[in-house]
Every structure is written in C-alpha cells, then in structure tokens.
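Please read the structure below before turning to the comments.
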Amino acid sequence: MDAEALIDDLRARGLSRPVALLLDWDNTLIDSWHAIHDAQNHTLATFGLEPWSLEEIRKRVRGSMRDSYPQLFGDRWLEAGEVFYRRFAERHLETLVPLPGVPEMLRDLHEAGLYVAVVSNKKGDYLRAEAAKLGWQRWIGRLVGAFDASRDKPAVEPVHLALEGSGITPGTQVWFAGDADIDIECAVNAGCVPILVREEPPATDEFPDHPPALHVDGCMTLSNVLQKL
C-alpha cells in the first residue's frame, strides 16, 4: 500500500497527524545486527553456551539485558552483561549502518515541528554514542535506552521519560514506531498508536494481543505519511 492509500485508511479510521513520534533504534533506524551478533556469540562462548545464528539473533534479541540475561545466564547475568558490553564497545561505532531514508526523515520531521524521541532497549550510553557518531541528536528530543528508566520496554516508564519536558502526554497524539513485537506492546501499554516499521507485513495472528494500527515498509514511507497526513 502506498503512502496515499495509507493516509486515506488512517483518515477513515479517525487517525490524524501526531504531535510526537517515538522510535525504536535497532533495525528501525539503524542496522547494528553484526555488532550485536558478534558480542552476543562472544558472550555465549565465554559461558560455554552454543552460538546463535544471525537469524536467531534477529528473532531472539527483543527485551533489554536486565529482562533477558537472567534467563540465559542465571545468577551470573551481570557478569555476562559486562562481557557483552566490553566486546560490543570495541566495534559498535564502526559498524553502524543507517537504514534507507532515516536521516532525511529525522531532519524533515524535526523541521516540520514534530517532537521526535527514541525509546530503545540498547543501553543508554551506547545509544547516545551511536546517535552522536551519526550526528542525529540535533533532530531528536530525547534518547532513552535500557537502564535509563526504572524499567525497560515494554514497560511504560521509558515512554514517559522520552516525553518528559516536552509538554506532551501519551495518547493517540503520540505514535510509537518500531520493527518488533515489543515495540508494538510498549505502544499499547502506554496508550500510544502502535506503528510497525519493517519490509514484510505482519503475518496473520502475529500480533493477537497488540495489533499495530499501521504497517509501513520503511522510514521513507513513514515520513511521507506523516508529512502528508
């Protein structure tokens, strides 16, 4: 469905242009899977566990470290986290790849007066370092990562922190866009409009509890919809 058809559908459902857009980071704005894959497998090997394929990484890396690592590493999850981040810190800035249309989208939406923030389950320090490396902070109101709020996605606290100081409260005037089920769930939990951003459309019954209000195939389409809505 092209941007014009998406806009007609949104208007028919009573949805209008938001005042704020919250965005996931990894696999929504940038491709950093190779750095994550390398650091995760280094950590698994350090603790005597089998490596994951890149496809497994893409499917299994959803929650934040403090939510997912205790299940993998038990009482040693903090130690495992240190191993992961030491490895990740060595190379993540050198392997950043912006996804198509992202810099243009961030610039155009900022210039159009839309409040834009990022809510990620990547550790906040690394998230902000990556944004600085790319020069994107000038277009982003706040970058919220794992451990910045009292809880991480899909909890609502990171959403509240991302909007803090903007004068905007969660609701249908705030869209939350990301590529994963945890982003859609977080949007619904916070009362925002959930937007699925990825090339493939959602499968039947893929999101039974938290269906996205809109699917777009990438940030260029999302930007077109927002600017014309």
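What follows is calculated from the coordinates using simple rules that are stated; it is not laboratory data. Because the structure is predicted, anything quoted here is derived from the model rather than measured. A quick note on method: Cβ atoms are made from the backbone with ideal geometry, for glycine too, and the neighbour counts reach across all protein chains shown.
Report for the chain the percent antiparallel among DSSP-assigned beta bridges with both residues inside it, nearest 5. Kindly include the intermediate steps, with their values, before the conclusion.
Numbers: 2 of 22 bridges.
Once the DSSP bridges in the chain are tallied, antiparallel ones form about 10 percent.
Once the Cα atoms of helix 77-91 and of the chain are each reduced to a long axis, what angle between those two axes, in degrees from 0 to 90 to the nearest 10, is obtained?
For helix 77-91, the angle is close to 70 degrees.
Using each residue's phi in the range 38-52, evaluate 6.51 cos²θ - 1.76 cosθ + 1.60 at θ = phi - 60° and report the 3J(HN,Hα) Karplus result to the nearest Hz, with x for Gly and Pro.
4, 5, 5, 5, 4, 5, 4, 5, 4, 9, x, 9, 6, x, 9
For the range 121-138, what does the Karplus curve 6.51 cos²θ - 1.76 cosθ + 1.60, with θ = phi - 60°, yield as ³J(HN,Hα) per residue in whole Hz, taken in order and with x for Gly and Pro?
Couplings: 9, 7, 3, x, 4, 6, 4, 5, 5, 5, 4, 5, 4, 7, x, 9, 4, 4 Hz.
In the chain, what is the count of Lys pairs whose alpha carbons are under 21 Å apart, counting only pairs at least 8 residues apart or on separate chains? Mind dumping the intermediate values first?
On the way: Lys59/Lys122; Lys59/Lys123; Lys59/Lys153; Lys122/Lys133; Lys122/Lys153; Lys123/Lys133; Lys123/Lys153.
Taking the Cα cut-off of 21 Å, the pair count is 7.
Towards the positive end of the charge dipole of the chain, with charges on Cβ (+1 Lys, Arg; -1 Asp, Glu), say which of Ala39, Gly165, Phe176 has the farthest Cα.
Gly165
Using amide H atoms built in the peptide plane, which far-off residues or other-chain residues are under 5 Å from Lys123 H to H?
Answer set, sorted by chain and number: Ala146.
Treating only the Cβ atoms of Lys and Arg (+1) and Asp and Glu (-1) as charged, compute the dipole magnitude of the chain about its Cα centre; round to the nearest 20 debye.
Working: 23 positive and 36 negative charges, 137 e Å.
Dipole size: approximately 660 debye.
What spacing in nm lies between the two simple spin-label points modelled at Asp108 and Glu157, each 7 Å away from Cα in the Cβ direction?
Taking the two extended label points, one gets 3.7 nm.
Let me know the charge dipole size of the range 148-201 about its Cα centre in debye, to the nearest 20, where only the beta-carbon of Lys, Arg (+1) and Asp, Glu (-1) is charged. Display every interim value, and only then the final one.
On the way: 3 positive and 10 negative charges, 44 e Å.
So the magnitude is around 220 debye.
Tell me, what HN-Hα J-couplings in whole Hz come from the Karplus equation 6.51 cos²θ - 1.76 cosθ + 1.60 at θ = phi - 60° for each residue of the range 150-160, using x for Gly and Pro?
Each residue of the range 150-160 in turn: 5, 9, 10, 3, x, 5, 7, 4, x, 5, 4 Hz.
Between [x] -0.36; [y] -0.22; [z] -0.32, which matches log10 I(q)/I(0) by the Debye sum over Cα atoms at q = 0.07 Å⁻¹ calculated for the structure shown?
[y]
Between the helical axis of 181-190 and the dominant principal axis of the chain, each derived from Cα atoms, what acute angle in degrees is found, rounded to the nearest 10?
The angle comes out near 60 degrees.
Please list the equivalent ellipsoid semi-axes of the range 33-94, computed as the square roots of five times the alpha-carbon gyration tensor eigenvalues, in descending order and whole angstrom.
On the way: eigenvalues 54, 37, 26 Å².
Semi-axis lengths for the range 33-94 are 16, 14, 11 Å.
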